[in-house]
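One structure is given here, and the rest of the page talks about it.
The values are calculated or read from the model by the stated rules, or taken from the named source; none is laboratory data. These figures come from a predicted structure and were not determined experimentally. Counting neighbours? That spans all protein chains shown, and the Cβs are built from the backbone with ideal geometry, glycine included.
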């Protein structure tokens with residue numbers, strides 16, 4: 001189980017790093033920021049990023065809702081798995097376990113909905 005968690009963490013970290021690198025490279029048109037000698041080149045790179053339609057706020061909102069949805073999906077899967085184990089061990093307590101499971105799933109989904117609202121606020125207000 002520890003190996004699976006460590007592997008999942010490594011895969012998610014690598015995917016996040018690759019997505020961030022791809023967004024930054026597309027935002028600056030493939031040019032490295034370190035190569036910019038003057039402020040005019042930096043301003044030109046910023047104008048290219050603005051004209052391409054990809055803004056960093058939209059990328060941030062997408063990452064935020066993506067991570068929230070991923071975390072919610074993992075948490076829901078773990079909650080359902082534990083509830084099914086509990087029902088398998090004590091079939092006579094299935095009603096209580098099921099009601100607590102539904103309440104927990106509602107709370108998990110609420111956190112994901114809050115993340116969606118924050119992502120929408122990031123897109124349209126900030």
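Close contacts from the range 84-102, counting a first residue that is not assigned by TED's automatic domain parsing to the domain that holds residue 72 and a second that is outside any helix (DSSP H, G or I), with Cβ to Cβ under 7 Å and a gap of 6+ residues or different chains, come to none at all.
Is the range 59-75 home to any residue that is assigned by TED's automatic domain parsing to the domain that holds residue 118, modelled with pLDDT of 90 or more, part of a helix (DSSP H, G or I) and over 25 Å from the mean Cα position of the chain (by Cα)? Within the range 59-75, not a single residue is assigned by TED's automatic domain parsing to the domain that holds residue 118, modelled with pLDDT of 90 or more, part of a helix (DSSP H, G or I) and over 25 Å from the mean Cα position of the chain (by Cα). Quick one: is residue 106 at pLDDT 80 or above, within 23 Å of the chain's Cα centre (by Cα) and surrounded by 12 or more Cβ atoms within 10 Å (Cβ to Cβ)? It is false that residue 106 is at pLDDT 80 or above, within 23 Å of the chain's Cα centre (by Cα) and surrounded by 12 or more Cβ atoms within 10 Å (Cβ to Cβ).
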